[in-house]
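Read through the structure below, which is laid out as structure tokens, and then see the notes.
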Amino acid sequence: MTVPAQNGSGRSDHLEFIRRAGQTTRRAIAEHTGLSRSVVAQAVSELIAQGLVVERRLVQGALRSAHGAQRGRPTAVLELAGQSGVVVAADIGHRHLTVAVCDLKGRVLEETRIPFPVDDSARATFRELHRLVAASLTRAGVGATDVAGFGVSFPFPVTKPTGMVLAPVALLGWQNVSAVEARPPGLPGPIVHDNDANFGAWGERIHGGSPELDNLLYVKLGHGIGSGVIVDGMLLSGARGTSGEMGHIQVDPHGEVCRCGRRGCLETVVAASLPDRRLAGLRVGRAIAQLSAFVDAEVVILGGRFGASDGALMEGVKDAFARFTPDNEDPSGEGAGGAAEGSPRVRIQAAALGERSELVGIIDRTLSAAWASGAGRSATRRTGAHSSWDRTNSEVVLEVPFDAERFVMKE
Ligand SMILES: [Zn+2]
């Protein structure tokens, strides 16, 4: 997987690269960004001087090259400094609330999921969410002032640039709601908000375990249907931030009335057929086939309560996909995943992260925002400048050999 280079030479891009890599080298950063080694060295020096990044020197013998031969001299490995501070991630579903508290390296300190009738009322949802966040911070052993960022997902689109939640008109308790209201009053740091399927797509891309996910369609099948689209490694947002809203495409003009007020939306038709999982899969698979062809996805990931776990539903999706995908043939037989000649070249798979795809995506994007806003620097001032440098800049041997080739930019 490649990490988006974005605008390349910026200090925050270097920081982001190091954060995602966990451990990396100046050489890997230079190869990824295409910048000269001296430019990278200068940027890294600034990050080290600011206490955001530390350097570990691996002793001889700890590293092996790709060919198995040992290297002769120590290699300087870069990683984030061990800063104090946390981010809070909140996943709001149609019928549940999940809150996670993570440290600034993304390790989950506390995670709680509760059932809640979210669709009934935004006000009641936020009140419960704020209570859950406070309890989670207490259980994690941190205070509100330790928070360096807050991320929240909604089961509805969140429009740009206003940040207004675009809930169906039939949900009276969710009209004229701003996404920032989800943040508990007084919680510091940047806020990241988006539709849940967009976060799910991002979570699967970054931590889903597949090596090549630069073009993916993520479909969340829960109590509603949404999708997130990643094209060329970037999350598709759209002019108003509402791209990927597939649940309310009309598939049956004579179907039942949907919660959006129209008839026969995909969401309603699939929900009605859920007792027969295979039929539900066939119905949603047909829509997925058309959308996938449109965005030229290399992989379609099914997530959410029904998508990530159901065998019969998945089989239905695959059957409909094979039948309704236009021109879905790869004459070379060298499609993604090594498909045989004539078989679909697009992989369809269940979410590797199960029902946590959204939460993992929220955590990653909130960490990005927290580090970009200087969370690490403020934490350094609280704990004493360069203490982390002194503590970690000694020679160590990693138990797992470091693979410097892992983050080389692909062709
Ligand atoms: Zn609808």
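The values are calculated or read from the model by the stated rules, or taken from the named source; none is laboratory data. Computed from a predicted structure; not experimentally measured. Neighbour counts are summed over all protein chains in view; Cβ atoms, including those assigned to glycine, are modelled from backbone coordinates with ideal geometry. Heavy atoms of the whole protein, side chains included, go into the accessibility calculation; ligands, DNA and RNA do not. Shrake-Rupley method; radii C 1.70, N 1.55, O 1.52, S 1.80 Å.
Details
- The set of residues in the range 288-305 being surrounded by 23 or more Cβ atoms within 10 Å (Cβ to Cβ), touching a residue at least 40 places away in the same chain (Cβ under 8 Å) and part of a helix (DSSP H, G or I) consists of ILE288, SER292, GLY304.
- Residues that are under 16 Å from PHE156 (Cβ atoms) and more than 16 Å from the ligand (Cβ to nearest atom), drawn from the range 224-252: GLY228, SER237, GLY238, ARG240, GLY241, SER243
- If the condition is being of a type in the set (Lys, Arg) and surrounded by 15 or more Cβ atoms within 10 Å (Cβ to Cβ), then the range 239-261 contributes only ARG259.
- Selected residue [in a loop (DSSP other than H, G, I, E, B), open to solvent by less than 20 Å² (accessible area, probe 1.4 Å), closer than 23 Å to LEU302 by Cβ and hydrophobic (A, V, I, L, M, F, W, C)] from LEU221, LEU213, LEU187: LEU213
- From the list ALA122, ALA167, the lone residue that is at pLDDT below 95, over 22 Å from SER368 (Cα atoms) and open to solvent by less than 20 Å² (accessible area, probe 1.4 Å) is ALA167.
- Meets criteria (surrounded by 18 or more Cβ atoms within 10 Å (Cβ to Cβ) and in contact with a Pro (Cβ under 7 Å, 6 or more places away or on another chain)) for THR325: yes
- Per-region count, the range 21-41, residues farther than 22 Å from SER368 by Cα and not in a helix (DSSP H, G or I): 1
- Some residue of the range 196-204 being at pLDDT below 95 and open to solvent by 40 Å² or more (accessible area, probe 1.4 Å): no
- Residue that is farthest from the ligand (Cβ to nearest atom), among those in the range 253-281 that are hydrophobic (A, V, I, L, M, F, W, C) and in a helix (DSSP H, G or I): LEU279
- Out of ALA81, ALA90, ALA62, ALA41, sole residue that is touching a Phe, Trp or Tyr at 6+ places or on another chain (Cβ under 8 Å), modelled with pLDDT of 90 or more and not β-branched (Val, Ile, Thr): ALA90
- The set of residues in the range 351-374 that are assigned to a loop (DSSP other than H, G, I, E, B) and within 10 Å of the chain's Cα centre (by Cα) is empty.
- Residue match in the range 331-351 (condition: modelled with pLDDT of 80 or more, over 30 Å from LYS105 (Cβ atoms), touching a Ser or Thr at 6+ places or on another chain (Cβ under 7 Å) and crowded, with 16+ Cβ neighbours inside 10 Å): yes
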